[in-house]
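The values are calculated or read from the model by the stated rules, or taken from the named source; none is laboratory data. What you see is a predicted model, and the numbers here were worked out from it, not measured in a lab. All Cβ positions, even for glycine, are placed from backbone atoms using ideal geometry, and neighbour counts span all protein chains on display. Side chains included, ligands, DNA and RNA excluded: accessible areas come from the protein's heavy atoms. Shrake-Rupley method; radii C 1.70, N 1.55, O 1.52, S 1.80 Å.
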Amino acid sequence: MTPAIELIGIDKRFGSVHANKDVSLAIGKGSIHGIIGENGAGKSTLMSILFGFYHADKGEIRVGGKPVKIKSSADAIAHGVGMVHQHFMLVEPFTVLENVVLGAEGAALIGPALARARAELEHLAHNYELDVDPDATIGELPVGLQQRVEILKALFKGAEVLILDEPTGVLTPDEADQLFRILGTLRDQGKTVILITHKLREIMAITDRVSVMRRGEMVGTKETKQTSVEELAEMMVGRRVLLRVEKGEANPGETVLEVKNLTWRDRKGTARVDNVSFNVRKGEIVGIAGVSGNGQSELLDVIAGIARATSGEIVFEGKSIGALADPRYLRREGVAHVPEDRQHRGLVNSFDASESSILGWHFEETLGRGFHLDRRAVVERCRHEMQDFDVRPADPYLKSAKFSGGNQQKIILAREISRDPDLLIVGQPTRGVDIGAIEFIHKRLIALRDQGKAILLVSVELDEIRSLSDRILVMFAGKIMGERDASADERELGLLMAGVAKEAA
Amino acid sequence: MDPSLIPEILASSIRMAVPLILASLAGLWSERSGIVDIGLEGKMLAAAFAAASASFYFQSAWAGLFIAILVSLAMALVHGYASINQRGNQVVSGVAINMLAAGLAVVLGNTWFKEGGRTPALSEAMRFMPIDLPGATALADIPVLAGLAKIVSGHSLLTYLALALVPLSAWALARTRFGLRLRAVGENPHAVDTAGISVARLRYQAVIIAGVLCGIAGAYISTSLSASFVRDMSAGRGFMALAALIFANWRAWPALYTCLLFGFLQAIGNFMQGARIGQFEIPVQFFNTLPYLMTVVLLAGFIGKSIPPRASGIPYTKDR
Amino acid sequence: MAAPRSELPAWVDIGLIPLLNLAVALIVAGLVVVIIGENPLQALGIMLNGALGSFKGWSYLFYYTTNFTFTGLAVAVAFHAGLFNIGGEGQAYFAGLGAAIVGLNLEFLPWPIVIPLAVLASAGFGAFWAWVPGVLQAKRGSHIVITTIMFNFIAASLMVYLINNVFRPVGRMAVESREITGAYILNFRELGRLIGWKLPSTPLNPTIFLAFLAAWGVWYLLWRTKLGYEIRTVGANPEAAAYAGIDQARIITVSMAISGALAGLLSVNEVLGVQHRLLLEFAGGAGFVGIAVALMGRSHPVGIVLAAMLFGLLYQGGTELSFARPLISRDMIVVIQGLVILFMGALEYAFRPWMAALFFKPED
């Protein structure tokens, strides 16, 4: 049978980044085909090329066996390719109908198209369990329904091939299950589904075949039934990287941080952090595991004073700090914070390294008395920290943006650890950091713990959590699902992260 | 104040409101597509100069209108190029347009007519003159209707055009494919791009419409409201139109009402020179300032809320 | 994905490209002169001679430089905080009120006291007129660009009313206040006379030193104080500022107030140093020139002083030019201003791809 889609020898560069290297792929009609790979493996780029969002430097695309030129999303749509992006492409103040019709109006007036769409939506709802109120405003719909509208948009435009880019990242487990049911129905009715993800579980659960990408290359394609999680994982990572960190037993002392019934609601009133309680003691690392977007970031923000708790209490060394929401006060009291998003928060790209290396601590008197900022002291401090943390190049005058991810992270870590904090809050310490730096960073965190400091670690990398933490808390949908010690079984943690608590606990 | 003046004040309000209406519709189209337009003032001023010069040169108001539109369009395209292709700062571009217009109008006017930046006085044939609506004169003797006729009739063609463009714009934005796409591109250009529609093309279309409308507004100022061009004659109307647009929350009908209100304030300012409340003489400047004051108060969120299109002012890049 | 906007050598980015943009702006201005029917090179010659060929020319050049340095610095400080203050004109105009109130009412004080007081009042009134939009932005989310524009108009109306109805002496036709005699800053001709030097008449007065001091002060503030660090952090990366515990509302209001104070100092030069009275439109568009000056000076005080001198040259040369060639109106300077803002601001990156093609070395 002719494949629905064939990509032959696709090559794409962005400046010096080689995003796709001679990638070839065939996707069978009426199947669910998974594409899996780590962040930056080139999956999204490849699909963006198929959808006409980027243009390949080399290579050929065939749809239904015929070579086609896809120069824009319009071409892709015309060839029956639809895409559901990771960030939804919806117009929030518009109704569902208006969103569906956008780009497929048919005539100069939109009246008839809206009527046609209304009928079609009813039909689609019936066939694929895709129920949405056509007159609802997008901005007021929950995320799961917004995603449904994205699928409806593609189907309304006649998509035979549907690409979904990390569709479950923003969904609750319930919503994800629903999505999978819908995808199954779509396949059964003859549609072709391409699912981009980095979650092995999803791949195993619903795909027919799976292709693995690594560093811009296509590593191989397997029948899902004939492969295993282990095999796929190895293909994804290349060689097994064992994140075993040398560390001794923890000697926890008195409690440093105590969080009691903490809740934080977003502007819509949804509790993103929901009645959370735990504590961190001297000389231990407490890790918070969880799939990203389950309230960990918000929890960090509240503890670090960037956001104000809606209710509940945070006690640091006997003082209640939750209501203050003042990061500077917290720093003075001995709380250091390595933020999750180093590019957007941890440093200022346009500042030179020395200026980034005092971010948040610039008020200190050692950097200049009163309002004065002593440039020489700033540069000296930076130079010192760069040496201590082996930052390369060790140039305090270089723009922050010019350092590699690992070295940027070392600059931030150096800044926070060198202040000799009693509590260090760390978010995603090694995201997008090279292997060498990961090891270095992990060692420094352990060393800090061994000095008797308290560390609260948030990471979406379960391996990292397991290798560093002395105690593990698992967060799901804003709640702490449970606490386990460092020796906890990976499967058990995985279940907690998926929100399956009661029977396991 | 003499009550018999009321029809006159109201008619004058409409006359003062016309350039505001046209300019805020221009701003409406541009900003609804996500292109902030601080340059309404400059485009209007350049068009006013072009209209006065061309209608004097060609002895025809229509030629003046045509050239005014072309000139305003050219400036709009500069703004479009800076904002859409170059992804430049739209506010900065608008400020530049305003200065270019203010400078060029006087420099060229001075060269061509040697009257210190003024253009020669235009005769009736070179202007858009008042039109009496059919039947208006017949009502002249009937008490209330006469006043009404005085308000509604006796405006120039451009006034009626401006008034007609309001429902047309509202309808086009709400009901046409173009309007739907344009509104979408001002809210989320990524959604438009992935739907296979060119963001740049839509925004250029919006900018072009804004250019044409400002052209008409400018022509109205110099060839209908007045009979020649004088320096800085747009007198902040572009900014007042912007204020009206904000007040109207980027909608056509409310923009019309706000412009009429602002026009009324201007008219009343002219008629009420020296009016008193008790001992206190109301300064003319008070009425002139009121639209700006009202806008500040509105923007501060004390009387309702004004939410601009989400993508306005942000250059579009594919990368997210 | 890739960031092609940061792959050029620094000297191209901050040296060559701005110069190229400026050159294009001036070439287009030259074309306008051609359209008028004059010879642009000749016009340039007259301008240069008018500004640089005599003591008087130079002294006017520096008199304009004083004004434009103040307003350029005002725009730049706001820029560094990520704010676009279009209201320099209104702030400078409103500041005249402070200068006049002190100058006219405290004349019994000796000049070493009343002049500093009048300077402070100018800065204070200017600061206030910018602080209000700053507060509205910080606390109520009103867009600073729109509010500062509105405040320009409000200031204009208010000043017309006040000068006409409050400051104008009874019976005087001209719409202006009576002369300010106490806070009277002597110009260099008058100062020269005190020590027996004869100098030609000039508006240039010691306020220019205040302008240079202000430029140094802005540099010191932005790069050598903690407040300046906070201002630049808020402007460059608001999220990082929140992470660092910087109070953004405070930074917005404070930097707007500083910006307005700088703009307000223009009235020290104009009201106290040149006109010696409060009169209509004394700011004369200098607030808007500040936008061009800040863009051209890349928001750095040294660049701003240099750009202010260039615009001083254009203003003085342009005035001479309009006398020598009546066809070329003085408003030609406004055209050049617009072109500079267009090419150095909105079309800042227009020539970058060409430069990148010239200087970019492919890696592998």
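One line per residue, one yes/no per condition, for (1) closer than 24 Å to A:R201 by Cα; (2) more than 14 Å from chain B (Cβ to nearest Cβ):
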residue: A:I8; (1), (2): no, yes
residue: A:D22; (1), (2): no, yes
residue: A:I36; (1), (2): yes, yes
residue: A:A76; (1), (2): no, no
residue: A:M83; (1), (2): yes, no
residue: A:H87; (1), (2): yes, no
For this session: Tell me, please, whether a residue that is closer than 20 Å to C:N269 by Cα, open to solvent by less than 20 Å² (accessible area, probe 1.4 Å) and either of a type in the set (S, T, Y) or modelled with pLDDT under 90 (or both) can be found in the stretch C:156-179.
Result: yes
Exercise. List, please: which pairs have Cβ atoms under 6 Å, are six or more places apart or on different chains, and start with a residue in the stretch B:276-304 that is aromatic (F, W, Y) and end with one that is in a helix (DSSP H, G or I)?
Worked result: B:F287/B:L265; B:F287/B:I268; B:F287/B:G269; B:Y292/C:M150; B:Y292/C:F153; B:Y292/C:I154
Exercise. Among C:L339, C:L295, C:L272, which is the only one that is within 23 Å of C:F125 (Cα to Cα) and modelled with pLDDT of 90 or more?
Worked result: C:L272
For this session: Please indicate, with yes or no, whether at least one residue in the stretch B:160-178 is within 14 Å of another protein chain (Cβ to nearest Cβ), in contact (Cβ under 8 Å) with a residue 24 or more places away in the chain and in a helix (DSSP H, G or I).
Result: yes
Seminar exercise, completed: Reported set for the stretch C:205-222 where residues are open to solvent by 20 Å² or more (accessible area, probe 1.4 Å) and either touching a residue at least 12 places away in the same chain (Cβ under 8 Å) or within 21 Å of C:I115 (Cα to Cα) (or both) is C:P206, C:F209, C:L210, C:F212, C:L213, C:W216, C:G217, C:W219, C:L221
Seminar exercise, completed: Of the residues in the stretch A:318-357, those that are more than 17 Å from A:D301 (Cα to Cα), more than 8 Å from every other protein chain (Cβ to nearest Cβ) and aliphatic (A, V, I, L, M) come to A:A353
Exercise. Out of A:E492, A:E439, A:E483, which single residue is farther than 30 Å from C:A10 by Cβ, touching a Phe, Trp or Tyr at 6+ places or on another chain (Cβ under 8 Å) and open to solvent by 10 Å² or more (accessible area, probe 1.4 Å)?
Worked result: A:E483
Seminar exercise, completed: Filter the stretch B:275-302 for residues that are within 14 Å of another protein chain (Cβ to nearest Cβ), assigned to a loop (DSSP other than H, G, I, E, B) and open to solvent by 40 Å² or more (accessible area, probe 1.4 Å); the one that is nearest to B:F247 (Cα to Cα) is B:F302
Exercise. Is there a residue in the stretch A:460-471 that is β-branched (V, I, T), assigned to a loop (DSSP other than H, G, I, E, B) and farther than 22 Å from A:V273 by Cβ?
Worked result: no
Exercise. Which ranges mark the helices (runs of 4 or more DSSP H) fully within the stretch C:183-271 that have 3 or more residues being within 13 Å of another protein chain (Cβ to nearest Cβ)?
Worked result: C:207-224, C:226-236, C:238-243, C:248-264
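Show me the helices (runs of 4 or more DSSP H) entirely contained within the stretch C:287-364 in which 2 or more residues are buried (at least 20 other Cβ atoms within 10 Å of the Cβ) and more than 7 Å from chain B (Cβ to nearest Cβ).
Working: elements: C:301-324, C:332-341, C:352-359.
The qualifying helices (runs of 4 or more DSSP H) are C:301-324, C:332-341.
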For this session: Just one of (1) touching a residue at least 24 places away in the same chain (Cβ under 8 Å); (2) assigned to a loop (DSSP other than H, G, I, E, B); (3) away from every other protein chain (no Cβ under 12 Å) trips up B:W250, so point out which.
Result: (3)
Exercise. Does any residue in the stretch B:138-159 that is of a type in the set (V, I, T) come within less than 7 Å, Cβ to Cβ, of a residue that is surrounded by fewer than 18 Cβ atoms within 10 Å (Cβ to Cβ) six or more places away or on a different chain, and which pairs are these?
Worked result: B:I151/B:P7; B:V152/B:L133
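Just to be sure I understand, how many residues within the stretch B:225-250 are among the polar types (S, T, N, Q) and buried (at least 24 other Cβ atoms within 10 Å of the Cβ)?
At the first step, the residues of the stretch B:225-250 found to be among the polar types (S, T, N, Q) are B:226, B:228, B:234, B:249.
Checking the rest, the ones that are also buried (at least 24 other Cβ atoms within 10 Å of the Cβ) come to B:234.
The number of residues fulfilling the criteria is 1.
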Exercise. In the stretch A:345-370, which residue that is in a helix (DSSP H, G or I) and hydroxyl-bearing (S, T, Y) is most open to solvent (accessible area, probe 1.4 Å)?
Worked result: A:T366
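Of the residues C:G141, C:G82, which is without any contact (Cβ under 8 Å) to a residue 12 or more places away in the chain and not basic (K, R)?
C:G141
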Problem set entry | Options C:S59, C:S54; residue that is crowded, with 16+ Cβ neighbours inside 10 Å and modelled with pLDDT of 90 or more | C:S59
Problem set entry | Neighbours by Cβ (under 8 Å, 6+ apart or cross-chain): first from the stretch A:296-311, in the same structural domain as A:V273 (by TED's automatic domain parsing) and at pLDDT 90 or above; second among the β-branched types (V, I, T) and open to solvent by 20 Å² or more (accessible area, probe 1.4 Å) | A:Q296/A:V460
Problem set entry | Test result for C:L104, more than 14 Å from chain B (Cβ to nearest Cβ), open to solvent by 10 Å² or more (accessible area, probe 1.4 Å) and within 25 Å of C:R298 (Cβ to Cβ) | no
Exercise. Considering only the stretch B:83-110, how many residues are within 8 Å of chain C (Cβ to nearest Cβ), in a helix (DSSP H, G or I) and farther than 27 Å from C:R330 by Cα?
Worked result: 2
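Looking at this structure, is B:L265 under 27 Å from B:Y316 (Cα atoms) and within 14 Å of another protein chain (Cβ to nearest Cβ)? Give the steps one after another, and end with the answer.
Details: under 27 Å from B:Y316 (Cα atoms): no; within 14 Å of another protein chain (Cβ to nearest Cβ): yes.
Judged against the criteria, B:L265 is not a match.
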Exercise. Within the bounds of the stretch C:107-122, is there any residue that is open to solvent by 20 Å² or more (accessible area, probe 1.4 Å), modelled with pLDDT under 95, at positive phi and not in a helix (DSSP H, G or I)?
Worked result: no
Exercise. Residues in the stretch A:92-111: is at least one at pLDDT 90 or above, surrounded by 20 or more Cβ atoms within 10 Å (Cβ to Cβ), of a type in the set (F, W, Y) and not in a helix (DSSP H, G or I)?
Worked result: yes
For this session: Starting from residues that are facing chain C (nearest Cβ under 10 Å) and either of a type in the set (V, I, T) or out of contact with any Phe, Trp or Tyr (no Cβ under 7 Å at 6 or more places or on another chain) (or both), keep the ones in the stretch A:371-387 and report whichever is surrounded by the most Cβ atoms within 10 Å (Cβ to Cβ).
Result: A:V378
For this session: Residue by residue through the stretch B:139-159, note down the ones that are of a type in the set (V, I, T) and not in a helix (DSSP H, G or I).
Result: B:I142
Problem set entry | Positions within the stretch A:388-401 being within 11 Å of chain C (Cβ to nearest Cβ), out of contact with any Ser or Thr (no Cβ under 6 Å at 6 or more places or on another chain) and either assigned to a loop (DSSP other than H, G, I, E, B) or open to solvent by less than 50 Å² (accessible area, probe 1.4 Å) (or both), in sequence order | none
